[in-house]
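Enquirer: Okay, here's the structure, questions in a sec.
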Amino acid sequence: RIIRKKRSVGLIPKVDETIRREALDETVLRIQTELDEAKVTLPFCAFNGGRDAWVDVGNKRVGVQVLQSYLGVPAEETLHIGDQFLNTGNDFAARSVCPCVWITSPEETTYILKSILRLAGVPLMMMAAGEEKVTKDRTADDGKGTEKKVDFEEAGRRSSRLVMDVYTGEYIRKMPN
């Protein structure tokens, strides 16, 4: 099945079917070759999504560079965290513009981010069972007199309320609080 979005095209399996990893990789490599031979100058990303294959206009290199420019953050102070760094993955292009960490699960991403924040001196808010929010004793100042706090429980609660269709990007239902 082919799905077309505004800035991408995807090959996805039919309901109750799977596409083998090797077939997805071959699809991506053939698309990359065709686009390279056609001398396409528009940045693109052809990647194996694990269950599907996609070709997107743009790539994570461009996205990281735009964020670096917008935020005024140099490459050496930028970190890209991703799980697809092989040449058939969507994180591959980011390797050329900043340091990267290759993770294997969302839990590992959370661990890496919490470790970075802890090392930066940012206190992490925690929820004690049946109690109000409790913060660690220390706080961090950003140099402008603003206290920095991260509440991972609240962020998790907010992100779990909406469910997104992984193929269309549309929200398909709201979950109860």
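The values are calculated or read from the model by the stated rules, or taken from the named source; none is laboratory data. None of these values were measured; they are calculated from a predicted model. Glycine also receives a Cβ, built like all others from the backbone with ideal geometry; neighbour counts cover every protein chain displayed. What goes into the accessible areas is simple: the full protein's heavy atoms, side chains included, and nothing from ligands, DNA or RNA. Shrake-Rupley method; radii C 1.70, N 1.55, O 1.52, S 1.80 Å.
Enquirer: Go over the candidates Gly10, Gly50 one by one and state the one that is among the small types (Gly, Ala, Ser) and open to solvent by 40 Å² or more (accessible area, probe 1.4 Å).
Expert: It is Gly50.
Enquirer: Give me a count of the residues in the range 53-98 that are in contact with a Pro (Cβ under 9 Å, 6 or more places away or on another chain), small (Gly, Ala, Ser), over 23 Å from Ile2 (Cα atoms) and surrounded by fewer than 19 Cβ atoms within 10 Å (Cβ to Cβ).
Expert: 1
Enquirer: Continuing with the same structure: Among the listed residues Thr33, Thr41, Thr27, identify the single one that is open to solvent by 100 Å² or more (accessible area, probe 1.4 Å), more than 28 Å from Ile116 (Cβ to Cβ) and of a type in the set (Val, Ile, Thr).
Expert: Thr41
Enquirer: For Thr18, which of the numbered conditions (1) closer than 25 Å to Arg1 by Cα; (2) polar (S, T, N, Q); (3) open to solvent by less than 90 Å² (accessible area, probe 1.4 Å); (4) out of contact with any Ser or Thr (no Cβ under 9 Å at 6 or more places or on another chain) fails to hold?
Expert: For Thr18, the failing item is (3).
Enquirer: Still on this structure, I have one more. Which of the residues belonging to the range 6-57 are β-branched (Val, Ile, Thr) and either under 13 Å from Asn87 (Cα atoms) or in contact (Cβ under 8 Å) with a residue 40 or more places away in the chain (or both)?
Expert: Selection gives Val9, Ile12, Thr27, Val28, Ile31, Thr33, Val55, Val57.
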